[in-house]
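The block underneath contains the structure these notes are about, expressed in structure tokens.
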Amino acid sequence: MSRAPTPIPDRLLTAALASGAELRRHVVRRVTVRPDHVEVDGSFTAAVVVAADGAESVVRRAIGLGPNRDDQLAIAIRGYAPALPGTDGVQVILTTEQRWPAYAWSFPLGDGRANVGYGELVSGGVNREGLLAGLQRLLPGVEARELKAHRLPLSTGRPRQRDGRVLLAGDAASLINPLTGEGIFYAVLSGALAGGAAVRGGDAGAVYRRALHLRLGRHLRHSSTASWASRLPTVMDAVFRAAGDDQRVFDDVVDLGLADGRLTARTLTAAARRLR
């Protein structure tokens with residue numbers, strides 16, 4: 001009998017512990033930055049703290065950085081359901097003009113189930129009932145379980161990384177792609193960059209900020225521009241048609257929405273032709 005693969009978070013933790021890291025579980029309530037160290041709840045001290053505590057980051061609030069504005073914040077509901085019949089393992093993404101920009105998804109897991117969900121901007125005034133209605137509207141009849149809602153602070157509202165000893169990574173740094181709501185790529189990348197900068201002590205903030213700019217700066221400008229343009233359904237329709245006609249354009253769009261791609265001349269030209 002084959003064994004199920006070890007979940008990725010468990011593998012990461014195992015690797016970290018094997019490298020000498022020490023795991024402690026603690027609910028953070030207060031972070032105090034001192035000239036030569038950072039204190040956490042008066043119980044722990046560190047030369048540098050990497051805040052990877054998610055969209056509702058306690059550390060971010062503790063250092064005086066507010067949340068994203070509603071127009072720079074999305075909310076999505078996500079759960080699990082039987083895979084859509086007839087999709088044969090194909091990922092499904094559905095959009096609608098009714099509450100644009102918004103979309104639903106169904107991503108097969110390979111075991112007869114799918115990760116399903118629906119999301120839109122907070123500025124649209126949606127609540128949990130509205131999210132459930134959106135999911136049913138685009139995926140009628142889906143019987144989702146374990147549904148949970150999550151706020152997604154988009155990169156269009158990311159705060160400037162400050163100098164000093166506190167580094168914000170992943171969702172805590174508002175590193176969520178504004179086109180797709182995807183954040184795993186950013187989380188892994190920013191975490192690695194933060195870890196590399198942490199050894200610089202008091203200079204860590206400046207070092208990390210430069211590293212983020214060099215690695216993601218141009219991409220984030222392009223994804224922000226694309227997000228602004230995507231508010232117009234006609235633009236997105238043109239991009240989708242172009243991607244459907246040209247595999248290279250499709251790959252460019254995927255890289256922009258799920259990794260660190262850019263708005264290429266090829267994609268812009270192809271979309272412009274279809275707009276005309």
Using the Cα centre as the reference, give the magnitude of the dipole from point charges on the C-beta atoms of the chain (Lys, Arg: +1; Asp, Glu: -1; all else neutral), rounded to the nearest 20 debye. 640
Where a ≥ b ≥ c are root eigenvalues of the Cα gyration tensor, a/c under 1.5 meaning rounded, otherwise prolate if a/b exceeds b/c and oblate otherwise, the range 36-84 counts as oblate
Report, in degrees rounded to the nearest 10, the 0 to 90 angle that the Cα long axis of helix 184-198 makes with the longest principal axis of the chain. 20
By the gyration tensor of its Cα atoms, with a ≥ b ≥ c the square roots of the eigenvalues, what is the shape of the range 1-129: rounded for a/c under 1.5, prolate for a/b over b/c, or oblate? oblate
Rounded to a whole number, what % of the accessible area of the range 17-67 do carbon and sulfur atoms account for, probe 1.4 Å? 51
Enter the angle in degrees (range 0 to 90, nearest 10) between the Cα long axis of helix 233-245 and the first principal axis of the Cα atoms of the chain, meaning the one along which they spread out most. 80
Mark the label point 7 Å from the Cα of D53 along Cα→Cβ and return the residues of the range 8-33 whose backbone N is within less than 20 Å of it. 22-33
Gaussian network model of the chain, Cα within-10 Å springs - most flexible of G201, G110, G54: G110
Theoretical gain in end-to-end length, L232 to R276 [0.36 nm per residue, Cα-Cα removed]: 14.4 nm
Proximal charge balance of G117 [Cβ under 15 Å; K/R count +1, D/E count -1]: +4
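Rounded to a whole number, what % of the accessible area of the range 129-254 do carbon and sulfur atoms account for, probe 1.4 Å?
After summing per-atom areas, the C and S share lands at 57 percent.
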Between helix 8-18 and the chain, what is the angle of the helix's C-alpha long axis to the longest principal axis, kept within 0 to 90° and rounded to the nearest 10? 20
Charge tally for neighbours of D237 with beta carbon under 14 Å away, counting Lys, Arg as +1 and Asp, Glu as -1, is +3
Two-site label geometry, S43 and R200: point separation in nm, points 7 Å out along Cα→Cβ: 3.1
Ignoring ligands, DNA and RNA, what accessible area per residue does the chain give at 1.4 Å, in Å²? 58
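The values are calculated or read from the model by the stated rules, or taken from the named source; none is laboratory data. Because the structure is predicted, anything quoted here is derived from the model rather than measured. Because the Cβ atoms are built from the backbone with ideal geometry, glycine has one as well, and the counts that use them run over all protein chains shown. Ligands, DNA and RNA are stripped out before the accessible areas are found, and what is left, the full protein with its side chains, is counted by its heavy atoms. Shrake-Rupley method; radii C 1.70, N 1.55, O 1.52, S 1.80 Å.
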